[in-house]
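Accompanying notes for the structure given below.
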Amino acid sequence: MRHVTARVAVLASGAGTNLQALLDDPVVGSWVALVISDRSDANALERARARAVEAVHIDPAGFADRSAFDHALVETLRGHAIDIVALAGYMRIAGPELVGAFRDRMLNVHPALLPAFPGTSAVADALAWGVKVTGVTVHLVDEQVDHGPVVFQEAIEIAPEDDRDSLEERVHEAEHRLLPAAVRALGEGRLVVEGRNVRVLQEAPR
């Protein structure tokens with residue numbers, strides 16, 4: 001397979017465990033060029049600095065509205081010549097300008113089998129509903145929340161004794177496998193998007 005180098009930005013709001021999975025990936029780790037957080041205390045920023053990756057805090061409170069914040073994100077990403085954006089525990093909705101600027105080049109990881117349980121409490125919602133199977137979805141980002149075309153999904157059985165902590169642990173394990181695989185496939189040109197259907201090729205088209 002031909003050698004590929006992509007410039008990846010990771011947007012994260014919290015601990016940054018999915019960011020760490022990207023940084024630890026033998027291929028994707030060298031692609032991560034920028035980490036942005038909407039929170040100054042996000043541990044994701046420290047994870048980036050520990051790997052000598054530029055870490056930037058952009059405070060939403062410093063902007064008049066969501067569209068102005070969105071514009072600042074896009075300008076920062078363009079200023080760093082970013083090819084791919086990965087949302088990894090990023091707790092803000094990607095606005096229209098951001099989605100448009102990185103159409104089919106922005107990935108999100110979600111802790112459920114979309115379209116089931118969108119939103120920020122997916123693991124708790126799955127337990128509350130008593131479903132027997134949940135999982136993880138990596139999808140391309142569009143203008144609707146937790147809605148874009150699915151790249152990868154992995155099912156996770158829910159045991160009768162599971163609580164939120166035990167289920168989240170298995171969910172995170174799957175997230176940490178699927179998100180780097182999706183970023184790598186996108187960076188290597190192996191994703192073919194046809195409407196809502198995404199095919200993942202073994203090798204990039206020549």
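The values are calculated or read from the model by the stated rules, or taken from the named source; none is laboratory data. This one's a predicted model, so the numbers in the text were calculated from it and none came from an experiment. Note that we place each Cβ from the backbone using ideal geometry, even for glycine, and neighbour counts take in every protein chain shown. Surface areas here come from the heavy atoms of the whole protein model, side chains and all, with no ligands, DNA or RNA. Shrake-Rupley method; radii C 1.70, N 1.55, O 1.52, S 1.80 Å.
For the reader, a short list of remarks on this structure follows.
- Within-11-Å neighbourhood charge of Trp31 [Cβ basis; K, R +1; D, E -1]: -1
- Seen from all directions on average, the chain presents a Cα convex hull projection of 11.7 nm².
- DSSP finds beta bridges in the chain, and of those with both partners inside it, around 50 percent are antiparallel.
- Residue of Pro26, Pro115, Pro160 that the Gaussian network model of the chain assigns the largest fluctuation, springs spanning Cα pairs under 10 Å: Pro160
- Rounded Å value of the spacing that divides the Cα centres of the range 94-123 and the range 1-77: 16 Å
- R0 of 35 Å, Cβ-Cβ distance Ala116-Thr5: FRET efficiency to nearest 0.05: 0.45
- All other residues whose Cβ lies under 11 angstrom from that of Ala55 are scored, Lys and Arg at +1 and Asp and Glu at -1, for a net of +1.
- Cα pair distances in the range 1-92, grouped into 5 Å bins until the bin that holds the longest one, percent each: 3, 15, 26, 25, 17, 8, 4, 1, 0, 0
- Most positive-pole-ward Cα, Leu201, Ile93, Phe63, against dipole of the chain from beta carbon charges: Leu201
- Accessible area per residue, Å², the chain with all protein chains present, probe 1.4 Å: 49 Å²
- Remark: the range 94-206 projects, on average over all directions, an area of 7.3 nm² (convex hull of Cα atoms).
- Equivalent-ellipsoid semi-axes of the range 5-54, from the Cα gyration tensor, Å, largest first: 17, 10, 9
- Mean sequence separation of contacting Cα pairs (under 8 Å, at least six apart), scaled by the length of the chain, corresponds to a relative contact order of 19 percent.
- Of Val35, Leu114, Ala72, farthest towards positive along the dipole that unit charges on Lys, Arg, Asp, Glu beta carbons give the range 35-138: Leu114
- Percentage relative contact order, the range 1-47, counting C-alpha pairs under 8 Å, at least six apart: 48 percent
- Rounded percent of accessible protein surface that carbon and sulfur make up, the chain, 1.4 Å probe: 50 percent
- Relative contact order (%) - the range 69-130, alpha-carbon pairs under 8 angstrom, separation at least six: 31 percent
- Annotation: Cα Rg of the range 84-133 relative to the compact-globule expectation 2.2 N^0.38 Å equals 1.35.
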